[in-house]
Amino acid sequence: MIKKTNKPDIVFMGTPGFAAGVLLELLRQGYPVKGVVTAPDKPSGRGLVMRPSAVKMTALEHNLPVLQPVSLKDEGFLESLALWDAPVFVVVAFRMLPPQVWQMPSHGCLNLHASLLPMYRGAAPINHALINGEKETGLTTFLIDEQIDTGAILLQHPIPVEERDNAGSLHDKMMEAGGPLVARTIDGLWSGSLKPVPQPFVAPEEVKPAPRISRETCRIDWNREPGQIVNLVRGLSPYPCAFSTLKKGDTLMDIKVYEARAEIVLHGDSPGEVVSDWKTTIKIACCGGYVHLLEVQAPGKKRLAAGAFLAGFRNTEELTFL
């Protein structure tokens with residue numbers, strides 16, 4: 001019987017910075033990465049310059065072979081992937097894989113997902129956990145199957161959500177914890193000590209989804225309660241950012257809100273009405289209280305604290321958020 005070496009060869013698949021952070025941790029721990037699969041370069045910026053993904057940049061910095069298939073069913077891609085002959089595939093923030101890919105490795109094709117499955121299946125689990133006001137979320141590694149985020153669970157790691165967390169800070173916490181969790185999962189699959197467990201059944205009406213963020217997801221509804229609006233701001237900051245349309249006379253402008261604070265109080269103001277001292281405080285009426293805008297951004301301008309934002313207006317102007 002041939003004794004297994006300590007760390008198996010792996011293929012890493014991913015695209016954004018979150019995945020790149022996990023790849024860096026695996027390289028730091030000495031996992032032999034045979035190659036990387038990532039998205040094709042995309043045009044970006046005003047000049048539409050072709051830019052590589054964060055994962056590709058990390059791979060090139062470490063002299064790793066890279067595949068960038070348009071189709072994951074392309075025969076040439078599948079042949080190249082098979083030649084790497086890696087017993088474990090690691091997938092982080094990538095596309096849905098066809099069976100020809102996830103069935104290829106002998107010891108499993110694992111995915112890292114940024115929630116405690118079966119909750120928050122989908123493309124934006126970090127955002128939606130915050131939008132829903134969760135006090136705890138976490139990470140799950142699981143074996144990929146035919147559907148999205150439904151495979152058998154390998155390991156889970158709970159992560160508390162702090163009151164001041166936003167999508168950016170929670171993303172960074174998860175990225176830091178993700179690498180070690182993936183490493184433990186690889187080791188368990190390779191040694192045979194880790195046994196996958198089917199995801200627990202959750203009634204459809206109790207499932208909390210995490211669909212892709214749209215523009216309408218980001219629009220603030222001032223008919224909602226202060227805490228709900230602040231959670232929306234947290235869940236979308238610093239990107240893509242919650243916003244509301246400010247009406248100043250006949251002018252309309254979309255204002256991004258990066259940070260906000262809830263105030264619970266009875267009042268007679270209409271939803272969207274602006275209440276301000278015109279110096280340091282600007283708060284917006286909503287159902288059951290106000291939302292204090294702490295950091296905002298007007299079109300074509302820099303992010304500003306409330307006081308600096310107010311300096312651009314006269315205290316005689318009528319402002320309303322729609």
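The values are calculated or read from the model by the stated rules, or taken from the named source; none is laboratory data. Everything numeric here is computed off the predicted structure, so don't read it as measured data. Cβ: placed from backbone, ideal geometry, glycine included. Neighbour counts: every protein chain shown.
Before moving on, here are some points about what is shown:
- Test: residue in the stretch 189-196 that is loosely packed, with under 13 Cβ neighbours inside 10 Å, in a helix (DSSP H, G or I) and not acidic (Asp, Glu): yes
- Lone qualifier among LEU246, LEU304, LEU294 - being in a strand (DSSP E or B), without any contact (Cβ under 8 Å) to a residue 12 or more places away in the chain and aliphatic (A, V, I, L, M): LEU304
- Candidates in the stretch 264-291 are the residues that are on the phi > 0 side of the Ramachandran plot and assigned to a loop (DSSP other than H, G, I, E, B); of these, the one that is surrounded by the most Cβ atoms within 10 Å (Cβ to Cβ) is GLY272.
- Scanning the stretch 98-128 for residues that are part of a helix (DSSP H, G or I) and polar (S, T, N, Q) gives GLN100, ASN127.
- Any chance ARG51 is among the charged types (D, E, K, R), in the same structural domain as LEU194 (by TED's automatic domain parsing) and either under 20 Å from ALA123 (Cβ atoms) or modelled with pLDDT of 95 or more (or both): no
- Residues (assigned to a loop (DSSP other than H, G, I, E, B) and more than 24 Å from LEU154 (Cβ to Cβ)) located in the stretch 204-220: PRO211, ARG212, ILE213, SER214, ILE220
- Among the conditions (1) free of Cβ contacts under 8 Å to residues at least 60 places away in the same chain; (2) surrounded by fewer than 22 Cβ atoms within 10 Å (Cβ to Cβ), the only one that GLY133 does not satisfy is (1).
- Any hit, the stretch 56-71, residues being buried (at least 19 other Cβ atoms within 10 Å of the Cβ) and touching an Asp or Glu at 6+ places or on another chain (Cβ under 8 Å): yes
- Top-ranked residue of the stretch 221-237 - restricted to ones that are outside any helix (DSSP H, G or I) and touching a Phe, Trp or Tyr at 6+ places or on another chain (Cβ under 7 Å), ranked as surrounded by the most Cβ atoms within 10 Å (Cβ to Cβ): SER237
- Residues being touching an Asp or Glu at 6+ places or on another chain (Cβ under 9 Å), in a loop (DSSP other than H, G, I, E, B) and surrounded by fewer than 23 Cβ atoms within 10 Å (Cβ to Cβ) - total across the stretch 136-163: 2
- Test: ARG261 is within 21 Å of GLU162 (Cβ to Cβ), without any contact (Cβ under 8 Å) to a residue 40 or more places away in the chain and surrounded by fewer than 19 Cβ atoms within 10 Å (Cβ to Cβ): yes
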